[in-house]
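Following: one structure in structure tokens, then a few remarks.
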Amino acid sequence: MTMTLISAADLAARLQAPDLRIFDVRHDLADHAAGRRAYEQGHIPGARYLDHETELAAPRTGKNGRHPLPSRADLAAQMATHGVGPDTLVVAYDASGGMFAAHLWWMLRWLGHERVAVLDGGWQGWLAAGQPAATEPAPAVPAGAVQPGAPLAETVDAQAVLANLAQPAFTVLDARAANRYRGEVEPMDPVAGHIPGALNRPNGENLQADGRFKDAAQLRAEFAALLGERDPRAVVHQCGSGITACHNLLAMEIAGLAGSRLYPGSWSEWCSDPARPVARGA
């Protein structure tokens, strides 16, 4: 069974485990230095900071989206520098309801790494549970031996999404806020709207009021209400730049709806080519 979430209590009980690596991926898309500042002010003991702009993304070309995926080899090398090996349990957390942590969860599954989970409730949940915080940097560790393996998560590219408009083989699910999906506002990208035919599931709908994920049964019912009888393997997730789409991917995994895929370039890549069609409205 795919690992998805870990509770604050379960993580706290494992803090001294030698096969554990915790990654703090707190981030702010409008203030790229905010995550590092937050980490330095306090983090889970032993956690190591990773930056979504400089460490978890490939160089941008203006045509490949705002957070292009690094190569699997580069991702493996990044993980190895932090001591991740084939059997390491990796836990990711943020302070944004899991949206950045879910992205790292998905990236590691795409790398072929099975033992990865998201801290349910994130940093706020950790503190609310009375768990300890640290300010010192994570200790140096020997390099790990993680290598790219058979991917446990799959992608589609812009060409496949474009071809799907004429010959539908999958359903695109957009994780952005409803007003961005409808094209009423666009704070991040130069064009407003959505991929024609895409459905909308704002990723915030996956959470309870306390910032933890809804339970599996509720998530399953909500996705079923939106997707009907569609096979999860015929669902492709997207958002603005491939990050919050992973939140919906994780939610579907929690719900037992495994096998959906990611369009990593998402709207920021799609709208960079004026030849690609744009839809607006509900």
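The values are calculated or read from the model by the stated rules, or taken from the named source; none is laboratory data. Everything numeric here is computed off the predicted structure, so don't read it as measured data. Here the Cβ is made from the backbone with ideal geometry for all residues, glycine too, and neighbour counts use every protein chain on show.
Return a yes/no flag: does segment 44-56 have any residue that is touching a Ser or Thr at 6+ places or on another chain (Cβ under 8 Å), surrounded by 13 or more Cβ atoms within 10 Å (Cβ to Cβ) and more than 28 Å from residue 215 (Cβ to Cβ).
Looking through segment 44-56, none of the residues is touching a Ser or Thr at 6+ places or on another chain (Cβ under 8 Å), surrounded by 13 or more Cβ atoms within 10 Å (Cβ to Cβ) and more than 28 Å from residue 215 (Cβ to Cβ).
Looking at segment 61-111, which of its residues are of a type in the set (D, E, K, R), in contact with a helix residue (DSSP H, G or I) (Cβ under 8 Å, 6 or more places away or on another chain) and in a helix (DSSP H, G or I)?
Hit for segment 61-111 is 72, nothing else.
Is there any pair with a first residue in segment 69-83 that is under 12 Å from residue 108 (Cα atoms) and basic (Lys, Arg) and a second that is modelled with pLDDT of 95 or more and outside any loop (DSSP other than H, G, I, E, B) whose Cβ atoms are under 6 Å apart and which are 6 or more apart or on different chains, and what are they?
72/111
Which members of segment 27-52 meet the condition of being assigned to a loop (DSSP other than H, G, I, E, B) and either over 20 Å from the mean Cα position of the chain (by Cα) or closer than 16 Å to residue 126 by Cα (or both)?
Matches in segment 27-52: 42, 44, 45, 46, 47.
Go through 172, 141 for me and flag whichever is over 16 Å from residue 69 (Cβ atoms), at pLDDT below 95 and of a type in the set (A, V, I, L, M).
Exactly one of 172, 141 is over 16 Å from residue 69 (Cβ atoms), at pLDDT below 95 and of a type in the set (A, V, I, L, M), namely 141.
Filter segment 39-79 for residues that are touching a Phe, Trp or Tyr at 6+ places or on another chain (Cβ under 8 Å) and under 13 Å from residue 137 (Cα atoms) and give the result.
39, 43, 44, 47, 48, 49, 50
What are the pairs with Cβ atoms under 7 angstrom where one residue, in segment 213-240, is charged (D, E, K, R) and the other, located anywhere, is surrounded by fewer than 22 Cβ atoms within 10 Å (Cβ to Cβ) and in a loop (DSSP other than H, G, I, E, B)? Sequence gap at least six, or different chains.
214/208; 220/256; 220/257; 233/259
Considering only residues that are in a loop (DSSP other than H, G, I, E, B) and touching a Lys or Arg at 6+ places or on another chain (Cβ under 7 Å), look in segment 128-168 and name the one that is surrounded by the fewest Cβ atoms within 10 Å (Cβ to Cβ).
Filtering segment 128-168 for residues that are in a loop (DSSP other than H, G, I, E, B) and touching a Lys or Arg at 6+ places or on another chain (Cβ under 7 Å), the one surrounded by the fewest Cβ atoms within 10 Å (Cβ to Cβ) comes out as 154.
Find the residue count for segment 169-182, including only residues that are touching a strand residue (DSSP E or B) at 6+ places or on another chain (Cβ under 7 Å) and surrounded by fewer than 16 Cβ atoms within 10 Å (Cβ to Cβ).
Number satisfying all stated conditions: 1.
Would you say residue 165 is assigned by TED's automatic domain parsing to the domain that holds residue 244 and not polar (S, T, N, Q)?
Yes.
Can you tell me which residues in segment 214-252 are on the phi < 0 side of the Ramachandran plot, surrounded by fewer than 23 Cβ atoms within 10 Å (Cβ to Cβ) and assigned to a loop (DSSP other than H, G, I, E, B)?
If the condition is that a residue be on the phi < 0 side of the Ramachandran plot, surrounded by fewer than 23 Cβ atoms within 10 Å (Cβ to Cβ) and assigned to a loop (DSSP other than H, G, I, E, B), then 214, 215, 229, 230, 231 are the ones that fit.
Inside segment 177-213, can you point out the residues that are of a type in the set (A, V, I, L, M), part of a loop (DSSP other than H, G, I, E, B) and over 22 Å from residue 4 (Cβ atoms)?
The answer is 177, 185, 188, 191, 192, 195, 198.
Determine the pairs where a residue that is assigned to a loop (DSSP other than H, G, I, E, B), located within segment 112-127, has a partner that is among the basic types (Lys, Arg) and crowded, with 17+ Cβ neighbours inside 10 Å with Cβ atoms under 7 Å apart, the partner being 6 or more residues away or on another chain.
What qualifies is 120/212; 121/212.
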